[in-house]
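Below: one structure, written as structure tokens.
The values are calculated or read from the model by the stated rules, or taken from the named source; none is laboratory data. Source: prediction; values computed, not measured. No Cβ is skipped: glycine too gets one built from the backbone with ideal geometry, and neighbour counts run over all protein chains shown.
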Amino acid sequence: MNLPHIKPILVGCCYRPPSSDQHYLEAMGEMLNKVCELNMEIVFTGDINIDGLSPNCSLKNQLATITDACCLKQVVTQPTRLSTNNKGINTASCIDHIYLSADDLYTKAVSVPIGCSDHNIVVVARKMKVPKARPRVIYKRSYRGFF
């Protein structure tokens, strides 16, 4: 994305099927390493299907290693998928992720339920500085001494 007054932003999206193994993560890591070499601001998002709220998950730790190597920070800290299991117990997980290379330039991530899916919409916004307008010069003529 080329926005006025800021350097280009590379936006990427990924879906990782729940049945995929660690080879999928390794391929994703190779892709992220190539992208990080471009020296651009990066927004990487998607349905990764790795619960960010789970305290001990080997895939979560492997994903954190990959994103840390590329200096990407996961900014979603709220549940993004709310569901009910077969025993009638409500569960909440954070499987939709947003990784940013410059998280201080974005607002806090928000997870909003939409009602037509068990996944929430996850949103961040880029902070922008609006350039100041040039001063407008107004010329006027005094007719006081005209007579």
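For this structure, a couple of remarks:
- Of everything in the stretch 119-147 that is within 22 Å of the chain's Cα centre (by Cα) and loosely packed, with under 12 Cβ neighbours inside 10 Å, the residue that is nearest to S83 (Cα to Cα) is A125.
- Taking the criterion of being more than 22 Å from S111 (Cα to Cα) and assigned to a strand (DSSP E or B), the only residue of the stretch 35-75 that qualifies is E41.
- Per the conditions (1) under 13 Å from the mean Cα position of the chain (by Cα); (2) outside any loop (DSSP other than H, G, I, E, B); (3) not basic (K, R), the sole criterion not satisfied by E26 is (1).
- Criterion: surrounded by 16 or more Cβ atoms within 10 Å (Cβ to Cβ) and at pLDDT below 90 - qualifying residue of C94, C36, C116: C36
- Single unsatisfied condition, E37 versus (1) without any contact (Cβ under 8 Å) to a residue 24 or more places away in the chain; (2) under 23 Å from H119 (Cα atoms): (2)
- Flag for K108 being over 16 Å from the mean Cα position of the chain (by Cα) and among the charged types (D, E, K, R): no
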